[in-house]
Amino acid sequence: MAAKSYDMIVIGAGPGGYVAAIRGAQLGLKVAIVEREHMGGICLNWGCIPTKALLRSSEIFHQMHRAKEFGLSVENIGFDLKAIIDRSRGVAKQMAGGISHLMKKNKIDVVMGAATLPAKGKVSVKTAKGVEELTSKNIILATGARARELPGLEADGDLVWTYKHALNPVRMPKKLLVIGSGAIGIEFASFYNTMGADTTVVEVMDRVLPVEDKDISAFAKKSFVKQGMKIMEKAMVKKLDRAKDKVTAHIEVGGKVEKHDFDTVISAVGIVGNCEDLGLEKLGVEIDRTHVVTDQYCRTKVDGLFAIGDIAGAPWLAHKASHEGVMVAELIAGKHPHPVKPESIAGCTYCHPQVASVGYSEAKAKELGHTVKVGKFPFMGNGKAVAMGEAEGMVKTVFDAKTGELLGAHMVGAEVTEMIQGFVVARGLETTEEDLMNTVFPHPTMSEMMHESVLAAYERALHI
């Protein structure tokens with residue numbers, strides 16, 4: 001069978017790949033997308049979306065326990081883990097179906113199977129019916145990443161889980177160990193802890209959520225501990241002894257090894273790019289620690305071959321992948337898009353309390369040579385937050401003292417993952433402190449705290 005020719009071929013239908021395909025089709029390109037497993041990739045099926053469904057259940061469960069505070073009465077509070085999981089899987093299924101519909105609507109050819117690149121401009125796909133050959137001058141790699149597995153801490157689906165097992169658990173853990181306190185680890189710790197598991201989090205760095213600003217990490221840790229989590233920082237799980245119904249973890253902390261028993265372990269120690277079995281090395285693609293090396297326009301060392309999303313390196317965020325997908329599709333179509341700036345991409349963690357940030361932390365801004373002005377405002381000083389019963393949290397802003405440039409914004413508390421976008425737009429528009437001070441924020445809203453934290457940086461806060 002003759003090879004089918006396209007203007008653009010995308011390998012991987014996650015949030016980077018499928019968005020690239022849609023944008024290419026909108027620009028009049030003939031597009032094919034290859035996916036070996038699920039439309040929507042990990043994000044839609046086993047990541048961003050189903051975890052948010054789980055966390056929503058735990059959030060409502062948490063609020064049910066607080067009913068009395070709000071003058072309400074609820075009796076016999078309980079939960080059905082299977083029903084929670086079924087809802088989460090249903091949400092993922094609905095969203096994945098939506099992607100298939102978008103592919104049809106945009107007349108994108110979908111090829112289900114495993115792709116390899118036998119030569120420049122060629123893609124060979126092993127499908128259920130045999131091998132399909134495709135050709136294009138422009139190929140986008142959007143193959144994503146998977147959970148990193150450390151020797152001796154490998155998942156078995158029974159006692160030791162990855163995020164996939166944690167999303168479809170065989171049981172409700174009673175005593176849970178979470179290894180790693182990045183976004184994935186802390187979200188699962190938050191979910192299972194709220195649902196009643198005795199939860200311990202082990203983090204090798206000196207603080208939880210290590211990519212966040214130090215003040216935010218410290219505030220979040222205090223909240224987690226208050227909720228009953230045990231947090232072990234500067235600690236490392238050296239090995240796991242697996243017995244019939246328990247795991248004994250050997251945890252090195254402060255130069256000593258402690259032994260602790262758990263019935264379940266979730267490993268969330270980072271990710272590894274899916275760059276194997278594609279034939280990339282043979283083509284001359286440069287790979288650095290499982291990630292494809294690209295320039296600011298996601299171009300690899302091979303002409304006409306691009307890499308976007310998790311396979312192209314940090315930040316490992318779905319919205320970064322989507323934005324890169326749009327940029328590359330526009331580049332291929334002859335447009336002149338702006339490169340994606342990593343420091344203008346917000347990070348959101350949906351633990352309880354939520355954490356969100358954009359730009360530089362205070363420490364990073366100073367390290368880069370900025371003289372800074374820092375403003376902080378507590379949720380306690382905001383009428384809407386207090387009325388909602390969400391008085392725990394803070395907003396922190398970092399400005400360049402000389403120019404008034406907003407260098408970074410950091411938040412912890414209820415719904416901050418929705419509020420952060422205001423600061424993302426502000427940074428995109430190169431807003432100064434004066435612009436933000438002169439913006440009228442509606443009252444009563446939690447967004448007023450954003451205004452107050454800017455005022456606080458210049459000793460002008462009104463409500464503290």
Legend entry - Space enclosed by the convex hull of the alpha-carbon atoms of the range 326-410, per residue, Å³: 151
Legend entry - Rh by Kirkwood over Cα pairs, then Stokes-Einstein D for the range 318-464 at 1.002 mPa s and 20 °C, µm²/s: 134
Legend entry - Expected 222 nm ellipticity per residue - DSSP helices of 4 or more, -39500 (n - 2.57), all of the chain, to 500: -9500 deg cm²/dmol
Legend entry - Set 82/126; 68/175; 164/376 screened for pairs whose C-alpha atoms are more than 30 Å apart: 82/126; 164/376
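Residue separation times 0.36 nm, minus the C-alpha to C-alpha distance between residue 403 and residue 293: what's the value?
Here the answer is 36.2 nm.
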Inset, instruction - Taking the Cα atoms of the range 258-313, report the difference between the largest and smallest coordinate on each principal axis, in whole Å and largest first. - result: 53, 23, 17
Inset, instruction - Measure off 7 Å from each Cα along the Cα-to-Cβ vector at residue 198 and residue 459, then give the distance between these two points in nanometres to one decimal. - result: 5.2
Legend entry - Where Rh is the Kirkwood radius over Cα pairs, Rg/Rh for the range 163-296: 1.05
Inset, instruction - Please report the base-10 log of the normalised intensity I(q)/I(0) for the chain, using a Debye sum with one equal scatterer per alpha carbon and no solvent, at each q in 0.06, 0.07, 0.09 (1/Å). - result: -0.29, -0.40, -0.67
Legend entry - Per residue accessible area in Å² of the range 12-77, where ligands, DNA and RNA are left out and the probe is 1.4 Å: 47
Inset, instruction - Rank these residues by their accessible area, most exposed first, probe 1.4 Å: 331, 406. - result: 331, 406
Inset, instruction - Equivalent ellipsoid semi-axes for the range 1-94, as square roots of 5 times the alpha carbon gyration tensor eigenvalues: give them largest first, rounded to whole Å. - result: 44, 14, 7
Inset, instruction - Treat each spin label as a single point 7 Å out from the Cα along the C-beta direction, and report the residue 93 to residue 364 distance in nm. - result: 4.0
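As an exercise, use a Förster radius of 22 Å and the Cβ-Cβ distance of residue 272 and residue 114 to find the FRET efficiency, rounded to the nearest 0.05.
0.80
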Legend entry - Stretchable slack from residue 241 to residue 107, in nm (0.36 nm times residue separation minus alpha-carbon distance): 43.0 nm
Legend entry - Mean accessible surface per residue for the range 257-388, computed with a 1.4 Å probe while every protein chain stays in place, in Å²: 47
Legend entry - Accessible carbon and sulfur surface of the chain relative to its total accessible area, %, 1.4 Å: 54
Inset, instruction - Would you mind pulling out the separation of the Cα centroids of the range 243-298 and the range 1-53, in Å? - result: 25
Inset, instruction - Could you bin all the Cα-Cα distances of the range 77-163 into 5 Å bins starting at 0 and give me the percent of pairs in each, rounded to whole numbers? - result: 3, 9, 11, 13, 17, 15, 14, 10, 5, 2, 1, 0, 0
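So if I average 1/r over every pair of distinct C-alpha atoms in the range 387-447 and take the inverse, what Kirkwood radius in Å does that give? Before the final figure, lay out the partial values.
Numbers: mean 1/r = 0.0794 Å⁻¹.
Averaging 1/r across every pair of different Cα atoms and inverting gives 12.6 Å.
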Inset, instruction - Would you list which aspartates and glutamates come within 16 Å of residue 301, measuring only between C-alpha atoms, while excluding same-chain residues fewer than 8 positions from it? - result: 281, 286, 288
Legend entry - Neighbour-limited loop hits for trypsin sites (Lys or Arg not before Pro), the range 284-351 (at most 15 other Cβ within 10 Å; DSSP other than H, G, I, E, B): 289, 301, 335
Legend entry - Length added when fully stretched, residue 68-residue 387, from 0.36 nm per residue minus Cα-Cα: 113.4 nm
Legend entry - the range 125-210: GluC sites (Glu not before Pro) in DSSP loop, at most 12 other beta carbons within 10 Å: 154
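Expressed as cubic angstrom per residue, what is the convex hull volume of the alpha carbon set of the range 211-263?
Per residue, the Cα convex hull of the range 211-263 comes to 102 Å³.
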Inset, instruction - For the range 358-464, state which trypsin sites (Lys or Arg not before Pro) are in a DSSP loop and have at most 16 other beta carbons lying within 10 Å of their beta carbon. - result: 402, 460
Inset, instruction - Take the Cβ-Cβ distance between residue 77 and residue 150 as r, set R0 to 41 Å, and report the resulting FRET efficiency rounded to the nearest 0.05. - result: 0.65
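The values are calculated or read from the model by the stated rules, or taken from the named source; none is laboratory data. Quick caveat: nothing in here was measured; it's all calculated off a predicted structure. Heads up, the Cβs are rebuilt from the backbone with ideal geometry, glycines too, and the neighbour counts pull from every protein chain shown. Accessible surface is based on the protein model in full, side chains and every heavy atom, while ligands, DNA and RNA are left aside. Shrake-Rupley method; radii C 1.70, N 1.55, O 1.52, S 1.80 Å.
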